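Report on the following structure.
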Amino acid sequence: MEQYVIKGGHPLVGEVEIGGAKNAALAILAAAIMTDETVRIDNLPDVNDVNVMLDAIAGIGGMVHRIDRHTVQINGKKIHDISIEYDYIKKIRASYYLLGALLGKYRHAEVALPGGCNIGSRPIDQHLKGFRALGADVDIEHGKIIAEADRLRGKHIYFDVVTVGATINVMMAATMAEGLTIMENVAKEPHVVDVANFLNSMGANIRGAGTDVIKIRGVQRLHSTEYSVIPDQIEAGTFMFAAAATRGDVTVLNVIPKHLEATVAKLVEIGCEVEEFDDAVRVVSKGGLKSTHVKTLPYPGFPTDMQPQIGVTLALCSGTSTITESIFENRFKYLDELARMGANIKIEGNSATIEGVRRFSATRVSAPDLRAGAALCIAGLATDGITIVDDILYIQRGYERFEEKLRGIGGIIEKVSTEREIQKFKLKVS
Ligand code: EPZ
């Protein structure tokens, strides 16, 4: 298994280029198979999850042509299978986006049931509710979701929970249903809007993405398009909190500042200086950061995918901070690892009370999931001495060239896989 080994304790300074949004790219790749014409998508992040999604599309007969690390051509004409095997779903839950895409296009789809994951049980009842509302028969047999419909008809659907996945999945199926679908209480994340814009560029008729109500007039056919994925607001925020935690001065490039409003608001609250440009944001922290309170909420609230990153930063801010995680039921596991670095934290249910400490002490920690893994790297970068982060495969699922980008702003971090390499690193940096 690979680890990151980090020598921390000095500020991160410089500029970092932000890549395409993983959570937009995964849905857009699934939606791309809904036409029999060729679709070209660029600004894809070169991360494991995207590569697994491309394998899943090729696995059912879709044509996938990688033009370069960040650009792919997809053609769904030769798809011969409407069944997505458990192997793909086990690797990335988002393979379930192929359910909405295949059901919309072929009126039939079979996708292995996704399990829970490290941050919660993650049910998909709202996805199934939406497909049934459109007229599909949806059964679960032998660990598979089987969705079939003679016809899909537009419907007025009210989601019981604001859910990114169900909003996108049902939007895809409704794109090729007959008539008008109105979806209410929908997710408004930038990546939901990006998928709607992508589908509209293929000839769909979707209005209202980014608001509480999305209206879709079904079309019979979708056509080719060329599309560029939006920048990843979560990757950007991760580097912004890395600047705050290490008392650095980092500018994230190729971002949409509007998508970062909740993150910027919290960075300013704890005492960082933030400067916004057209497609960049600069974060400067001179230390002496102070506590604040944060509750994760659906967009435009503070993103749950940024919760570990602000958690690490608040653990180094003077005073008492609180974090309330309102989206997932098990997203505080990283705080146990952080406590091993000397953080002073008390968890009660979905709330954590954090007493800021002056510094962490370096040790070996383990990444419990994607965003928490990135946050523990931030903790290591903010800490004098050598921190080792295990289980970094999680991080590689969603961050492209993570250690390279951190080195580009002065981080002393290497990917290693043996004890000998760790010793070599320690000698080199001592
Ligand atoms: C997406 O997951 C993201 N993943 C997650 O990012 C992100 O944390 C999450 O949205 C919230 O923003 C991708 O886009 C691939 P949800 P998703 O459906 O769609 C409940 C990362 O780090 N719910 O919005 O699975 C659910 O239990 C990942 O990149 C139902 O009850 O999230 C949760 O409490 C981690 N029934 C809440 O809704 C359903 O049918 C939000 O889940 C669906 C969801």
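Taking (1) within 16 Å of the ligand (Cβ to nearest atom); (2) over 25 Å from the mean Cα position of the chain (by Cα) in turn, F198 satisfies each apart from (2). On inspection, E276 fails the criterion of being farther than 18 Å from T387 by Cβ and in contact with a Ser or Thr (Cβ under 8 Å, 6 or more places away or on another chain). Residues that are within 16 Å of the ligand (Cβ to nearest atom), in a loop (DSSP other than H, G, I, E, B), crowded, with 21+ Cβ neighbours inside 10 Å and touching a residue at least 40 places away in the same chain (Cβ under 8 Å) within region 129-184 comprise just one, L134. For residues in region 277-293 being part of a loop (DSSP other than H, G, I, E, B) and not charged (D, E, K, R), which is surrounded by the most Cβ atoms within 10 Å (Cβ to Cβ)? The residue in question is S285. Apart from one condition, K188 fits all of (1) surrounded by 17 or more Cβ atoms within 10 Å (Cβ to Cβ); (2) part of a loop (DSSP other than H, G, I, E, B); (3) out of contact with any strand residue (DSSP E or B) (no Cβ under 9 Å at 6 or more places or on another chain); the exception is (3). Residue under question is V274, and the condition is that it be without any contact (Cβ under 8 Å) to a residue 40 or more places away in the chain, outside any loop (DSSP other than H, G, I, E, B) and over 23 Å from E355 (Cβ atoms); does it hold? It is true that V274 is without any contact (Cβ under 8 Å) to a residue 40 or more places away in the chain, outside any loop (DSSP other than H, G, I, E, B) and over 23 Å from E355 (Cβ atoms). Only one of the listed residues (N48, N75) is surrounded by fewer than 23 Cβ atoms within 10 Å (Cβ to Cβ) and within 15 Å of the ligand (Cβ to nearest atom). That residue is N48.
Quick grid of which residues meet (1) out of contact with any Gly (no Cβ under 6 Å at 6 or more places or on another chain); (2) more than 17 Å from T387 (Cα to Cα):
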| site | (1), (2) |
| --- | --- |
| T320 | yes, yes |
| I327 | yes, yes |
| N330 | no, yes |
| Y334 | yes, no |
| A339 | yes, no |
| T353 | yes, yes |
| G356 | no, yes |
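Within region 294-331, if we keep just the residues that are small (G, A, S) and either assigned to a loop (DSSP other than H, G, I, E, B) or within 27 Å of T211 (Cβ to Cβ) (or both), the residue that is farthest from the ligand (Cβ to nearest atom) turns out to be G319.
The set of residues from region 293-320 being without any contact (Cβ under 8 Å) to a residue 60 or more places away in the chain and over 24 Å from the mean Cα position of the chain (by Cα) comprises C317, S318, G319, T320. Residues in region 89-128 that are near the ligand (Cβ under 10 Å from one of its atoms) and among the aromatic types (F, W, Y) were compared, and the one that is modelled with the highest pLDDT is Y97.
Taking the listed residues A30, A24, A58, the one that is within 16 Å of the ligand (Cβ to nearest atom), over 27 Å from T251 (Cβ atoms) and modelled with pLDDT of 95 or more is A30, with no other qualifying.
Quick check on Y334: is it part of a helix (DSSP H, G or I), within 16 Å of the ligand (Cβ to nearest atom) and touching a residue at least 40 places away in the same chain (Cβ under 8 Å)? Judged against the criteria, Y334 is a match.
The values are calculated or read from the model by the stated rules, or taken from the named source; none is laboratory data. Remember, predicted model here, so these are calculated numbers, not experimental data. Using ideal geometry, Cβ is built from the backbone for each residue, glycine included, and neighbour counts are taken over all protein chains shown.
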